[in-house]
1. Multiply the residue gap between PHE31 and GLN15 by 0.36 nm, knock off their C-alpha separation, and tell me the result in nm, one decimal place.
2. Mind pulling the per residue volume of the convex hull built on the Cα atoms of the range 41-118? Å³ is fine.
3. Per residue of the range 125-130, in order, report the coupling 6.51 cos²θ - 1.76 cosθ + 1.60 (Karplus, θ = phi - 60°) as ³J(HN,Hα) in whole Hz, putting x for Gly and Pro.
4. Taking only Cα atoms, what is the 0 to 90° angle, nearest 10, from helix 61-73's long axis to the longest principal axis of the chain?
5. Would you mind checking which residues have amide H under 5 Å from ILE123's amide H? H placed 1.01 Å from N; only 5 or more apart, or other chain.
6. What accessible area per residue comes out for the chain, rounded to a whole number of Å², with a 1.4 Å probe?
7. Calculate one ³J(HN,Hα) per residue across the range 42-57 by plugging θ = phi - 60° into the Karplus curve 6.51 cos²θ - 1.76 cosθ + 1.60, and present them in order as whole Hz with x for glycine and proline.
8. Kindly give Rg over Rh for the chain, based on alpha-carbon atoms, with the Kirkwood expression for the hydrodynamic radius.
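The values are calculated or read from the model by the stated rules, or taken from the named source; none is laboratory data. Just so it is clear, the structure is predicted and the values come from calculations on it, not from any experiment. Here the Cβ is made from the backbone with ideal geometry for all residues, glycine too, and neighbour counts use every protein chain on show. Ligands, DNA and RNA are stripped out before the accessible areas are found, and what is left, the full protein with its side chains, is counted by its heavy atoms. Shrake-Rupley method; radii C 1.70, N 1.55, O 1.52, S 1.80 Å.
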Amino acid sequence: EQMITGGSGPRTPRQKAKAFKRLKVLVKREFMGAFAIVLGVFSATFGLNSFLLPNGFIDGGITGISLLVSAVSGWQLSILIVCLNIPFIVLGYRNIGKGFALKTGLGILLLAYCVHTVHFPIITHDKLLVAVFGGFFLGAGIGLTMRGGGVIDGTEVMAISLSRGSGLTIGDIILVVNVVIFSFAAWLLSVETAL
(Lines give C-alpha, C1' and ligand atoms only; values in the text may rest on other atoms or scores of the structure.)
Protein backbone atom coordinates (compact mmCIF):
# COMPACT_ATOMS: atom_id res chain seq x y z
CA GLU A 1 0.00 0.00 0.00
CA GLN A 2 2.66 2.51 1.02
CA MET A 3 5.48 3.30 -1.37
CA ILE A 4 8.97 2.98 0.02
CA THR A 5 11.00 5.70 -1.60
CA GLY A 6 14.42 7.21 -1.40
CA GLY A 7 15.05 10.87 -0.64
CA SER A 8 14.09 12.11 -4.09
CA GLY A 9 11.59 9.50 -5.33
CA PRO A 10 7.81 9.82 -5.47
CA ARG A 11 5.92 10.21 -2.22
CA THR A 12 2.59 8.92 -1.03
CA PRO A 13 -0.19 11.41 -0.23
CA ARG A 14 0.39 10.73 3.47
CA GLN A 15 4.12 11.58 3.21
CA LYS A 16 3.27 14.75 1.26
CA ALA A 17 0.73 15.78 3.92
CA LYS A 18 3.30 15.23 6.71
CA ALA A 19 5.95 17.20 4.81
CA PHE A 20 3.48 20.04 4.17
CA LYS A 21 2.51 20.10 7.86
CA ARG A 22 6.18 20.27 8.91
CA LEU A 23 6.77 23.09 6.40
CA LYS A 24 3.74 24.98 7.72
CA VAL A 25 4.98 24.67 11.32
CA LEU A 26 8.47 25.81 10.29
CA VAL A 27 7.16 28.83 8.36
CA LYS A 28 4.90 29.81 11.27
CA ARG A 29 7.77 29.49 13.77
CA GLU A 30 10.11 31.58 11.60
CA PHE A 31 7.41 34.22 11.02
CA MET A 32 6.71 34.48 14.77
CA GLY A 33 10.46 34.70 15.43
CA ALA A 34 10.87 37.50 12.88
CA PHE A 35 7.84 39.31 14.34
CA ALA A 36 9.32 39.05 17.87
CA ILE A 37 12.66 40.46 16.64
CA VAL A 38 10.98 43.41 14.86
CA LEU A 39 8.78 44.12 17.89
CA GLY A 40 11.85 43.86 20.14
CA VAL A 41 13.81 46.29 18.00
CA PHE A 42 10.97 48.84 18.09
CA SER A 43 10.63 48.46 21.86
CA ALA A 44 14.39 49.00 22.33
CA THR A 45 14.33 51.97 19.93
CA PHE A 46 11.44 53.50 21.88
CA GLY A 47 13.34 53.06 25.15
CA LEU A 48 16.44 54.67 23.68
CA ASN A 49 14.87 57.52 21.67
CA SER A 50 12.04 58.46 24.06
CA PHE A 51 13.82 58.06 27.38
CA LEU A 52 17.55 57.37 27.53
CA LEU A 53 19.15 59.36 24.69
CA PRO A 54 17.35 62.71 25.19
CA ASN A 55 18.22 62.63 28.89
CA GLY A 56 21.89 61.69 28.56
CA PHE A 57 21.46 58.20 30.06
CA ILE A 58 23.47 55.18 29.00
CA ASP A 59 22.78 51.46 28.99
CA GLY A 60 24.88 48.38 29.58
CA GLY A 61 26.32 46.01 27.00
CA ILE A 62 27.55 46.93 23.54
CA THR A 63 24.71 49.43 23.23
CA GLY A 64 26.04 51.12 26.38
CA ILE A 65 29.59 51.13 25.03
CA SER A 66 28.24 52.64 21.79
CA LEU A 67 26.39 55.33 23.77
CA LEU A 68 29.51 56.05 25.84
CA VAL A 69 31.81 56.31 22.80
CA SER A 70 29.23 58.46 20.99
CA ALA A 71 28.92 60.81 24.00
CA VAL A 72 32.69 61.19 24.32
CA SER A 73 33.66 61.29 20.62
CA GLY A 74 30.55 62.62 18.87
CA TRP A 75 30.54 59.69 16.43
CA GLN A 76 27.19 58.57 15.10
CA LEU A 77 25.49 56.08 17.45
CA SER A 78 23.94 53.90 14.74
CA ILE A 79 27.32 53.28 13.08
CA LEU A 80 28.92 52.45 16.44
CA ILE A 81 26.12 49.97 17.26
CA VAL A 82 26.83 48.06 14.03
CA CYS A 83 30.64 48.25 14.12
CA LEU A 84 31.06 47.27 17.78
CA ASN A 85 28.69 44.31 17.40
CA ILE A 86 30.40 42.77 14.33
CA PRO A 87 32.94 40.68 16.34
CA PHE A 88 30.10 39.26 18.43
CA ILE A 89 28.06 38.32 15.36
CA VAL A 90 31.10 36.39 14.11
CA LEU A 91 31.47 34.79 17.56
CA GLY A 92 27.78 33.81 17.47
CA TYR A 93 28.24 32.28 14.02
CA ARG A 94 31.17 30.17 15.20
CA ASN A 95 29.83 29.10 18.60
CA ILE A 96 26.05 29.06 18.26
CA GLY A 97 25.11 28.72 14.61
CA LYS A 98 24.43 30.34 11.26
CA GLY A 99 20.71 30.95 11.90
CA PHE A 100 21.40 32.68 15.20
CA ALA A 101 24.12 34.87 13.65
CA LEU A 102 21.86 35.83 10.74
CA LYS A 103 18.97 36.81 13.04
CA THR A 104 21.36 38.68 15.34
CA GLY A 105 22.98 40.56 12.45
CA LEU A 106 19.61 41.55 10.98
CA GLY A 107 18.32 42.59 14.42
CA ILE A 108 21.37 44.78 15.08
CA LEU A 109 21.16 46.39 11.62
CA LEU A 110 17.46 47.08 12.14
CA LEU A 111 18.14 48.55 15.59
CA ALA A 112 20.84 50.86 14.22
CA TYR A 113 18.56 51.93 11.36
CA CYS A 114 15.60 52.58 13.67
CA VAL A 115 17.66 54.49 16.25
CA HIS A 116 18.88 56.74 13.43
CA THR A 117 15.63 57.23 11.49
CA VAL A 118 12.58 56.54 13.71
CA HIS A 119 11.72 59.52 15.88
CA PHE A 120 9.59 58.86 18.94
CA PRO A 121 8.41 61.73 21.16
CA ILE A 122 10.37 62.49 24.33
CA ILE A 123 8.12 61.24 27.13
CA THR A 124 9.69 62.69 30.29
CA HIS A 125 12.77 64.32 31.77
CA ASP A 126 12.20 62.95 35.28
CA LYS A 127 15.35 60.93 35.98
CA LEU A 128 13.65 58.16 37.94
CA LEU A 129 10.98 57.66 35.26
CA VAL A 130 13.64 57.76 32.53
CA ALA A 131 15.66 55.05 34.30
CA VAL A 132 12.64 52.83 35.02
CA PHE A 133 10.79 53.09 31.72
CA GLY A 134 13.84 53.44 29.48
CA GLY A 135 15.24 50.30 31.08
CA PHE A 136 11.89 48.53 30.83
CA PHE A 137 11.42 49.14 27.09
CA LEU A 138 15.06 48.39 26.29
CA GLY A 139 14.97 45.21 28.40
CA ALA A 140 11.67 44.14 26.83
CA GLY A 141 13.22 44.67 23.41
CA ILE A 142 16.21 42.50 24.28
CA GLY A 143 13.92 39.80 25.69
CA LEU A 144 11.63 39.79 22.64
CA THR A 145 14.60 39.57 20.30
CA MET A 146 16.00 36.61 22.25
CA ARG A 147 12.56 34.98 22.03
CA GLY A 148 12.80 35.43 18.26
CA GLY A 149 16.10 33.52 18.14
CA GLY A 150 18.63 36.36 18.01
CA VAL A 151 19.99 39.20 20.13
CA ILE A 152 20.45 42.94 19.59
CA ASP A 153 23.46 43.32 21.85
CA GLY A 154 26.75 41.47 21.45
CA THR A 155 27.34 40.97 25.17
CA GLU A 156 24.58 38.36 25.20
CA VAL A 157 26.50 36.40 22.55
CA MET A 158 29.70 36.68 24.56
CA ALA A 159 27.87 35.65 27.74
CA ILE A 160 26.28 32.60 26.06
CA SER A 161 29.69 31.52 24.73
CA LEU A 162 31.57 32.08 28.01
CA SER A 163 28.91 30.44 30.19
CA ARG A 164 29.32 27.13 28.35
CA GLY A 165 32.88 26.59 29.54
CA SER A 166 32.70 28.20 32.97
CA GLY A 167 30.64 27.88 36.10
CA LEU A 168 29.18 31.35 35.55
CA THR A 169 25.65 32.02 34.36
CA ILE A 170 24.80 34.33 31.44
CA GLY A 171 23.46 36.85 33.98
CA ASP A 172 26.73 36.78 35.99
CA ILE A 173 28.82 37.55 32.91
CA ILE A 174 26.52 40.37 31.74
CA LEU A 175 26.59 41.85 35.27
CA VAL A 176 30.41 41.93 35.33
CA VAL A 177 30.56 43.52 31.85
CA ASN A 178 27.99 46.14 32.84
CA VAL A 179 29.82 47.01 36.07
CA VAL A 180 32.93 47.74 33.97
CA ILE A 181 30.93 49.83 31.47
CA PHE A 182 29.22 51.90 34.19
CA SER A 183 32.54 52.39 35.97
CA PHE A 184 33.96 53.92 32.78
CA ALA A 185 30.79 56.01 32.44
CA ALA A 186 31.32 57.36 35.97
CA TRP A 187 34.92 58.23 35.12
CA LEU A 188 34.32 59.71 31.63
CA LEU A 189 30.89 61.33 32.07
CA SER A 190 29.74 61.61 35.69
CA VAL A 191 28.88 59.45 38.67
CA GLU A 192 25.26 60.62 38.41
CA THR A 193 25.00 59.44 34.80
CA ALA A 194 26.46 56.07 35.74
CA LEU A 195 24.11 55.72 38.69
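1. 3.3 nm
2. In the range 41-118, the Cα convex hull volume per residue is 82 Å³.
3. Working through the residues one at a time gives 10, 5, 5, 5, 5, 4 Hz.
4. 40
5. Answer set, sorted by chain and number: none.
6. It amounts to 59 Å² per residue over the chain.
7. 5, 5, 5, 4, 4, x, 6, 6, 9, 10, 6, 4, x, 10, x, 8
8. Taking Rg over the Kirkwood Rh, I get 1.13.
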